[in-house]
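The values are calculated or read from the model by the stated rules, or taken from the named source; none is laboratory data. Every value quoted in this text rests on a predicted model; they were computed, and no experiment measured them. Ideal geometry is used to build each Cβ from the backbone, glycine not excepted, and the neighbour counts take in all protein chains shown.
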Amino acid sequence: MPGVFITFEGIDGSGKTTMLQSVALKLQSLGLPVVVTREPGGTELGRALRDLVLTHEMSPMAELFLYAADRAEHVARVIRPALEEGLIVLSDRYADATLAYQGYGRGLPLWMVRQVNQWATDGVMPKLTIVLDCEIAEARRRKGPSTDRFERDGEDFLTRVRQGYLEVARQEPERVRVISSSGPKDVTAELVWTTVASALNL
């Protein structure tokens, strides 16, 4: 089987990380080779950039380029090599997060965000992206108190981010699938697994 790249997106508290881990365990139980990674923080450089971005105030443009640096390193060091080895790569966030947060959320021009994403990804895009979607209040309740500045930006910001994800899905329905995570966790997990299994022809 050639390498397959799948990403999980959504606002914090949407359940994306939990669903990614659930899928990884199922794939491993089938004996399939899986790499689990994340953005920001999938490389040593990425972890340093993650600390900077989440804890320091900065302009939207600075955010955009720091995330792009993280993504370029992530693609070069982790994602592309794993795909070339024929592995299944599951990433907790990727390029769509930058569109949602810096584009729709911060208000940077979408054409600019897409161009920077294109440079940073070097053409490596996921076969499937799953957006876990739920109400802002529900996501915040699940996540609990947070010190990172994206959560401190308020409900209006997160609403724009959420709508951004939904708009990306509307524009790319073949790649991006929206799954509600508002219901029972096991129901969401089954929907996610069915979607992933179909993409992998399992």
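Numbers for the structure displayed
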read-out	value
Candidate set: region 1-50, residues that are in a loop (DSSP other than H, G, I, E, B), under 18 Å from the mean Cα position of the chain (by Cα) and of a type in the set (Gly, Ala, Ser); chosen: the one farthest from Leu87 (Cα to Cα)	Gly13
Filter result for Gly107 (at pLDDT 95 or above, in a loop (DSSP other than H, G, I, E, B), small (Gly, Ala, Ser) and over 17 Å from the mean Cα position of the chain (by Cα))	yes
Qualifying residue in region 118-127 (condition: of a type in the set (A, V, I, L, M), over 18 Å from the mean Cα position of the chain (by Cα) and not in a helix (DSSP H, G or I))	no
Residue tally, condition buried (at least 16 other Cβ atoms within 10 Å of the Cβ) and among the β-branched types (Val, Ile, Thr), over region 151-170	2
Members of region 18-52 found to be among the hydrophobic types (A, V, I, L, M, F, W, C), buried (at least 20 other Cβ atoms within 10 Å of the Cβ) and closer than 18 Å to Leu132 by Cα, listed by number	Met19, Leu20, Val23
Qualifying residue in region 59-68 (condition: more than 21 Å from Thr17 (Cα to Cα), touching a helix residue (DSSP H, G or I) at 6+ places or on another chain (Cβ under 9 Å) and not in a helix (DSSP H, G or I))	no
Filter pass, Leu83 being out of contact with any helix residue (DSSP H, G or I) (no Cβ under 8 Å at 6 or more places or on another chain), among the hydrophobic types (A, V, I, L, M, F, W, C), at pLDDT 95 or above and outside any loop (DSSP other than H, G, I, E, B)	yes
Checking Tyr104 against (1) exposed (fewer than 13 other Cβ atoms within 10 Å of the Cβ); (2) touching a residue at least 60 places away in the same chain (Cβ under 8 Å); (3) among the aromatic types (Phe, Trp, Tyr), the condition it does not meet	(1)
Subset of region 34-68 (residues that are at pLDDT 90 or above and under 22 Å from Asp153 (Cβ atoms))	Arg38, Glu39, Ser59, Pro60, Met61, Ala62, Glu63, Leu64, Phe65, Leu66, Tyr67, Ala68
Residue among Leu66, Leu132 that alone is farther than 29 Å from Leu202 by Cβ and surrounded by 15 or more Cβ atoms within 10 Å (Cβ to Cβ)	Leu66
